[in-house]
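The values are calculated or read from the model by the stated rules, or taken from the named source; none is laboratory data. All values derive from a computational prediction rather than experimental measurement. Heads up, the Cβs are rebuilt from the backbone with ideal geometry, glycines too, and the neighbour counts pull from every protein chain shown. With ligands, DNA and RNA removed, areas are computed over all heavy atoms of the protein, side chains included. Shrake-Rupley method; radii C 1.70, N 1.55, O 1.52, S 1.80 Å.
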Amino acid sequence: MLTQKLAMVGHPWLGLRWGLCRGVALLLGVVMMVTIGFCSPSSAQSSPEILWDTYGVPHIHSRDTQGLFYAFGWAQMQSHADLLLRLYGQARGRAAEYWGEDYRDSDVWVRTMGIPERAAEWYTAQNPDFRADLEAFAAGVNAYAQTHGDRIDQAFAQILPVTAIDVLAHQQRVLHFTFVVNPEEVADLALEAGDESARSPVRPLPPPGFLRLPHGAASSRGDLCAHAAKSSGRPQSHHCW
């Protein structure tokens, strides 16, 4: 704006510079439009559009939220389909069934924490509009898989179709039971509690299934679950720390 004002009061060379800047900006805009990727997944919801920029970032345009969620599911699959499907398989607690013994510990953790069952409860607790959004996201994932099955490793394609409950289970596993309650840290604390109790003749071992938290209070699986659920904003009767 300052350059424009100076050009208007008798600085022709600044006016020329301003014109050159506008020309360069216009040229860059044309280049971006030519190099940008375009994808319009077929959807009964609202025919959303996905624009992919040169950095591989999807920009989604939709007339409603369901179309937005649908396109987001499609875009997630286009970016990293195999990874997404593997994570959903782990969130089901069935990864060892799909991909072998290496996933046994992951499945034990998911099942012990009750993630699949709680995900189903969370799904029914949502209002109808948001349930529809979750279903639209899952539909976008599945539509991409049906359209571009040749781009998906068949080892991961076996978990299809994905459901809205899978989406919520994945959220729980990654956020609440990996970042908030980390399984490796829980295992280490359990070992430390066992060693400490074994060295002290006056302190009995904790009951089976209990863990000793950092401040010394015993906590069961239910307490861990309550803490994780508390972090999500769901009402609780108690929590572990």
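Could you name every one of the helices (runs of 4 or more DSSP H) located completely within region 97-198 that has at least 2 residues being under 21 Å from THR65 (Cα atoms) and of a type in the set (A, V, I, L, M)?
Working: elements: 104-112, 115-125, 128-147, 154-157, 164-171.
In region 97-198, the matching helices (runs of 4 or more DSSP H) lie at 128-147, 164-171.
Per the conditions (1) open to solvent by less than 60 Å² (accessible area, probe 1.4 Å); (2) free of Cβ contacts under 8 Å to residues at least 24 places away in the same chain; (3) more than 23 Å from GLU49 (Cα to Cα), the sole criterion not satisfied by GLY149 is (3). Taken together, the residues in region 54-99 that are open to solvent by 70 Å² or more (accessible area, probe 1.4 Å), aromatic (Phe, Trp, Tyr) and in contact with a strand residue (DSSP E or B) (Cβ under 8 Å, 6 or more places away or on another chain) amount to 1.
Residue-wise test of (1) under 17 Å from ILE115 (Cβ atoms); (2) open to solvent by less than 30 Å² (accessible area, probe 1.4 Å); (3) modelled with pLDDT of 95 or more.
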{"position": "PRO128", "(1), (2), (3)": "no, no, yes"}
{"position": "ASP133", "(1), (2), (3)": "no, yes, yes"}
{"position": "GLY140", "(1), (2), (3)": "no, yes, yes"}
{"position": "VAL162", "(1), (2), (3)": "yes, yes, yes"}
{"position": "LEU168", "(1), (2), (3)": "yes, yes, yes"}
{"position": "VAL186", "(1), (2), (3)": "yes, yes, no"}
{"position": "PRO207", "(1), (2), (3)": "no, no, no"}
{"position": "PRO214", "(1), (2), (3)": "no, no, no"}
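The lone criterion from (1) modelled with pLDDT of 60 or more; (2) loosely packed, with under 15 Cβ neighbours inside 10 Å left unmet by VAL202 is number (1).
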